[in-house]
Every structure is written in structure tokens, then in C-alpha cells.
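Okay, so here's the structure we're looking at.
Read the figures in this text as sums done on the coordinates, not as results from a lab. Bear in mind the structure is a predicted one, so any value in this text is a computation, not a measurement. Here the Cβ is made from the backbone with ideal geometry for all residues, glycine too, and neighbour counts use every protein chain on show.
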Amino acid sequence: MCTVVLLRRPNAPWPLLFAANRDELEGRPWLPPARHWQGETGENRDTVTAGLDQLAGGTWLGVNDRGMVAGVLNRPGTLGPAPDKRSRGELPLEALEYESAEAAADALQHLDPEAYRPFNLVIADALNAYWLCAREGEKHITSTPIGEGLSMLTAHDLNDAERSARIRHYRPLFQAAAAPDPDSRQNDTWKPWQDLLASPQSAPGAGPEEAMNIRLESGFGTRSSSIIALPRPQYPPRPPIWRFCHGAPDTGRWTEIEF
């Protein structure tokens, strides 16, 4: 399962901090975030910067030029594609065609959930954030606003500390850690969150699959890590900041994605 951490502070210069670890099988090919869809016709995807899943053509996480971020996660027991279903990697790309998180969430909650395997989808901008959920066997997609403060999502429900040992263990740690200050000139402002994203520690009594940074004998593990900061709307606009680690966050190199 993947992990998303959101810190919403509407009155801050950077109202949204969005951290994510992508967990995937070792052999699934992918490319780091870039404008992989530039030049496509009939879609507003030339404004999207996102990672590319080379197997299915979609993405797990992306940002658009209008200051939105969207990321998709699997629900429990639904790893991998299904031959009779559309790729869940299409969903962030569809969300990022809209002008705002509110408009995207309103549109995507009306999709047919049976066209996809179950998913969690996070859509956010500097003003609003939403968790869209398609559960196994349900005939509709639920859309839930994400409130202020720090929230966390894995394959389970938002902030579900009862069923997700990772949320139970790590959400209090993120709440206690110093949040990154994107306006700081010091690189170590990102370190507390980067260290948590890189942690191999599991909750007491939980298995290694409940660590933040996963490395399993099956070949499943954490393949990349991201911290995205969205600025307050202003004129002239400021671009977001996307710090990206190509590879497991305890061994990979952190760089900034260019927009």
C-alpha cells in the first residue's frame, strides 16, 4: 500500500504540505515526474507534471499548473491491474484536468466505481482537499472534505488508526515533527519529514509491511517519495515545490522537480 500525509493550514503562506511514499513491485517500470503528456490533443494534460507508470500509462501522483495535486492509492487486497478494469492511474490525470480541487472532486465522484478496482483518491489545492473512495462492492464513490490539520491515508480510510497500524504509529509522529518551511533557505527544513518517510520502523506488534518505508522479500517495496508544497494564491503566482526521491527514501537522492 502507498501512504499520503497532508497538512492543511489555510492561513499559512504555503497552505498545503503533501507527502507521499509510493509502494510497488520492483519490476513495474516507471519514470519520475515530468510533463510526460505534453502535446496530447483533446485533453488538458500538457499542464500536468506527474510520474509515469510505463505499464498502464497513468500516474500515481501529479501536479498541474493551476496549483492542484492529485494522488491515487489502492484499497486493501487490490494490488495490481485487472484485465476487465480501467487503470486507476487514469484518475489523477482526469482530476488534474480541472481548475480546482472542488470542481475535480465534484466531477470524479460521479464516475462509475465498477470501472476500476477499489481506490482512494486525494485531490487538493491551496483552498480545499478531498478524499474520494471507491470501496469493494459499492455502487457509488464517496467524496469527503479533508479538514485542517494533519491527516493520513493508506489503503484504509482517512485517519483510520484502528485498521491501519501505519496510521496509528506514524500520524502522531508527523503531528509532533517540525513541518517543512518552504520559504527557508536551509535544506534541513525538509529533514524531519524526509526522515519519517524513510523510516523502516513498524508499529509495535505489526509486520514489516506496516513500516513507512517498506522493503519486503517478495520484491514489494517503497520505490519513490515526495513532498509537495502548494503556495497561497497570489499575483504573480508562485510555482509549487516538489521534492522528489528517486528510489527508497533512505537510500535515494532528493531533488526538486522543475515545472
Nearest 20 debye, what's the magnitude of the dipole of segment 3-256 about its Cα centre given +1 on Lys and Arg Cβ and -1 on Asp and Glu Cβ? 500 debye
Sort 3-9, 186-192, 96-102, 73-79 for me by packing, meaning the mean count of neighbouring Cβ atoms within 10 Å per residue, highest on top. 3-9, 96-102, 73-79, 186-192
What spacing in nm lies between the two simple spin-label points modelled at Leu173 and Arg86, each 7 Å away from Cα in the Cβ direction? 3.7 nm
Distance between modelled label sites at Leu79 and Ser184, nm, 7 Å Cα→Cβ extension: 3.5 nm
Karplus (6.51, -1.76, 1.60) ³J(HN,Hα), θ = phi - 60°, over segment 113-124, in Hz, Gly and Pro reported as x: x, 6, 6, 10, 6, x, 8, 10, 10, 10, 10, 8
Using the number of other C-beta atoms within 10 angstrom as an exposure proxy, rank Leu108, Leu216 with the fewest first. Leu216, Leu108
With a Förster radius of 45 Å, plug the Cβ-Cβ distance of His140 and Glu258 into 1/(1 + (r/R0)^6) and report the FRET value to the nearest 0.05. 0.70
Residue-averaged [θ]222 nm for the chain, counting only DSSP H segments that reach four residues, each worth -39500 (n - 2.57): -3500 deg cm²/dmol
Amide hydrogen neighbours beyond the local backbone of His246, cut-off 5 Å, H modeled: Arg253, Thr255
So what J values fall out for segment 201-211 if you push phi through Karplus, 6.51 cos²θ - 1.76 cosθ + 1.60 with θ = phi - 60°, rounded to Hz, Gly and Pro as x? 6, 9, 4, x, x, 9, x, x, 5, 9, 6
Under 5 Å between amide H atoms, partner at least 5 residues away or on a different chain: which partners does Arg223 have, H built in plane at 1.01 Å? Arg22, Asp23, Glu24
